[in-house]
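Some notes on the structure that comes next.
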Amino acid sequence: MAQTISVELATTKRPKPDVNKISFGSCFTDHMFMMDYDADKGWHSPQILPYQPIMMDPAAKVFHYGQTIFEGLKAYRTADGRILLFRPQQNLKRLNRSNERMSIPDVDEELALEALRQLVLVDQDWIPNEEGTSLYIRPYVFATEPLLGVAPSRQYKFMIIMSPVGSYYAEGIHPVRIHVESEYVRAVAGGVGQAKTAGNYAAGLKAQEKASAQGYSQVLWLDGVHRKYIEEVGSMNVFFRIGDKVVTPELNGSILAGITRDSVIQMLQSWGVEVEQRRLSIEELFEAQEQGRLVEAFGTGTAAVISPVGELSWEDRKMIIGEGRTGELSARLYNELTGIQRGELADPFGWVMELKGTVSATS
């Protein structure tokens, strides 16, 4: 990391909200990080500056060809006042995997981690400490070259913004109702499903609207070829406890490699629980339910951490999972993962990174 990050501190501070009364990702901290890329110069001019609008040319390629990626992670305040990040290096590795798929230049991960560290320290008084709260961090990259030509951009911005958040779901850790989507698809192998890119989420909005209108919290996606194999639930990876095993769809090129997914697999294996990563059809799942072998189901992701599934609706069939109650593994995973994230439990995996120090303005 050869570049020095310049720091301009805000002269006027924003009022801090009650995180339990705002919607997820609707309020932002006093500062943001920004760095530019030009094909002739590479990444340059890293800076922390007051949160503000940015100027964009109407012809910027991101508006026309969707060349953009993003990440999501959280900072936590412990009971004794320490600041912790959860596996940030893995988020930055995935950011570059998404960059590679979308033909965006790699970001220096060491510089990006230092930028993230400094930004969190600058706005550390924004990290809430109430139960279930955190500071959500959104790094993202987008194409800025003003040219209407279908080719990779020669100019980009890498930015980080942050938002204090409470619980992602109004239902909290209680099970949610899920609609199995048979008409629309999220992604296909060979496409960009394994990248965290904006278009994947835009493609899911129509199905989410339909599910919401029917009273469901999320959509369970099936594969785009056979329309029978389970992939993701909403914007989360998904797990099913079938008998004495936990089954999750294998990473096949259309499924995002979740950081929480990987953490859950490692945690379950450390408990002696067998985890199968394989193809799982919706028919097999209903058969397991009918045979009494489907014990519980849950989604995993940065925002919700663990989200138990209490009901699935597929075409004209419905199933209630675990009598609609939060399962034993779901509850234990949630309590232990969030306990590690918040510094309340020991971290045998070496996942948390503590941030220390202060950051001053540069001349």
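The values are calculated or read from the model by the stated rules, or taken from the named source; none is laboratory data. Because the structure is predicted, anything quoted here is derived from the model rather than measured. Every residue, glycine among them, receives a Cβ derived from its backbone with ideal geometry; neighbour counts consider all protein chains shown. Ligands, DNA and RNA are excluded from the accessible area calculation, which covers all protein heavy atoms including side chains. Shrake-Rupley method; radii C 1.70, N 1.55, O 1.52, S 1.80 Å.
Here Asp262 clears all of (1) part of a loop (DSSP other than H, G, I, E, B); (2) at pLDDT 95 or above except the condition numbered (1).
Starting from the stretch 182-210, keep only residues that are more than 17 Å from Glu100 (Cβ to Cβ), then list their pairs with residues that are buried (at least 19 other Cβ atoms within 10 Å of the Cβ) and among the hydroxyl-bearing types (Ser, Thr, Tyr) whose Cβ atoms are within a distance under 7 Å, requiring at least 6 positions of separation or different chains. So the pair list comes out as Val188/Ser254; Tyr201/Ser235. Remark: pairs (first residue in the stretch 245-256, on the phi > 0 side of the Ramachandran plot; second residue among the aliphatic types (A, V, I, L, M); Cβ separation under 6 Å; 6+ apart in sequence or on different chains) = Gly253/Ala189. Residue check: is Leu220 touching a residue at least 12 places away in the same chain (Cβ under 8 Å), open to solvent by 10 Å² or more (accessible area, probe 1.4 Å) and out of contact with any helix residue (DSSP H, G or I) (no Cβ under 6 Å at 6 or more places or on another chain)? For Leu220, the condition - touching a residue at least 12 places away in the same chain (Cβ under 8 Å), open to solvent by 10 Å² or more (accessible area, probe 1.4 Å) and out of contact with any helix residue (DSSP H, G or I) (no Cβ under 6 Å at 6 or more places or on another chain) - is not met. Scanning the stretch 1-43 for residues that are closer than 19 Å to Glu71 by Cβ, touching a helix residue (DSSP H, G or I) at 6+ places or on another chain (Cβ under 7 Å) and either of a type outside the set (A, V, I, L, M) or assigned to a helix (DSSP H, G or I) (or both) yields Thr29, His31, Phe33.
Could you grab me the full set of residues in the stretch 133-153 that are part of a loop (DSSP other than H, G, I, E, B) and within 26 Å of Leu113 (Cβ to Cβ)? Even if it seems obvious, please write down each step before you answer.
Start the filter on the stretch 133-153 by keeping residues that are part of a loop (DSSP other than H, G, I, E, B), which leaves 133, 144-145, 147-153.
Within the stretch 133-153, Thr133, Thr144, Pro152, Ser153 meet the criteria.
Filtered by the rule that a residue be buried (at least 19 other Cβ atoms within 10 Å of the Cβ) and small (Gly, Ala, Ser), the stretch 88-110 gives a lone residue, Ser98. Scanning the stretch 319-330 for any residue that is within 30 Å of Gln124 (Cβ to Cβ) and either at pLDDT below 95 or touching a Pro at 6+ places or on another chain (Cβ under 6 Å) (or both) turns up nothing. Note down all Cβ pairs under 8 Å where the first residue falls in the stretch 316-336 and is in contact (Cβ under 8 Å) with a residue 40 or more places away in the chain, the second is open to solvent by 100 Å² or more (accessible area, probe 1.4 Å), and they're at least six residues apart or on different chains. Correct list of pairs: Thr326/His174.
Would you be able to say whether some residue in the stretch 98-117 is in a helix (DSSP H, G or I), within 29 Å of Leu9 (Cα to Cα), in contact (Cβ under 8 Å) with a residue 60 or more places away in the chain and out of contact with any strand residue (DSSP E or B) (no Cβ under 8 Å at 6 or more places or on another chain)? Yes: one or more hits. Kindly establish whether Leu205 is over 16 Å from the mean Cα position of the chain (by Cα), of a type in the set (A, V, I, L, M) and within 15 Å of Ile282 (Cβ to Cβ). No; evaluated as a whole, the condition is false for this residue.
Looking at the structure I just gave you, is Leu251 open to solvent by 40 Å² or more (accessible area, probe 1.4 Å) and among the aliphatic types (A, V, I, L, M)? Before the answer, list the steps.
Values: open to solvent by 40 Å² or more (accessible area, probe 1.4 Å): yes; among the aliphatic types (A, V, I, L, M): yes.
In short, yes.
Quick check: is even one residue across the stretch 353-360 open to solvent by 70 Å² or more (accessible area, probe 1.4 Å), hydroxyl-bearing (Ser, Thr, Tyr) and free of Cβ contacts under 8 Å to residues at least 24 places away in the same chain? No: zero hits.
Gln269 meets each of the listed conditions (1) touching a helix residue (DSSP H, G or I) at 6+ places or on another chain (Cβ under 8 Å); (2) open to solvent by 10 Å² or more (accessible area, probe 1.4 Å); (3) over 30 Å from Tyr140 (Cα atoms); (4) part of a helix (DSSP H, G or I) apart from (1).
Comparison of Lys13, Lys74, Lys41, Lys21 shows that the only residue that is within 28 Å of Gln194 (Cα to Cα) and either crowded, with 16+ Cβ neighbours inside 10 Å or of a type in the set (D, E, K, R) (or both) is Lys74.
Among the candidates Arg154, Arg138, Arg177, single out the residue that is touching a residue at least 60 places away in the same chain (Cβ under 8 Å), touching an Asp or Glu at 6+ places or on another chain (Cβ under 9 Å), closer than 30 Å to Glu323 by Cβ and open to solvent by 10 Å² or more (accessible area, probe 1.4 Å).
Numbers: Arg154 fails: closer than 30 Å to Glu323 by Cβ; Arg138 fails: closer than 30 Å to Glu323 by Cβ.
Within the list Arg154, Arg138, Arg177, the selection yields Arg177.
Taken over the stretch 186-237, residues that are assigned to a loop (DSSP other than H, G, I, E, B), touching a strand residue (DSSP E or B) at 6+ places or on another chain (Cβ under 9 Å) and among the small types (Gly, Ala, Ser) amount to 9.
Being assigned to a strand (DSSP E or B) and open to solvent by less than 60 Å² (accessible area, probe 1.4 Å) is true for just one of Thr338, Thr326, Thr300. Which residue is that? Full working, then the answer.
Values: Thr338 fails: assigned to a strand (DSSP E or B); Thr326 fails: assigned to a strand (DSSP E or B).
Being assigned to a strand (DSSP E or B) and open to solvent by less than 60 Å² (accessible area, probe 1.4 Å) holds for just one of Thr338, Thr326, Thr300, which is Thr300.
The residues in the stretch 233-260 that are touching a Gly at 6+ places or on another chain (Cβ under 8 Å) and within 19 Å of Arg97 (Cβ to Cβ) can be counted, and the count is 9.
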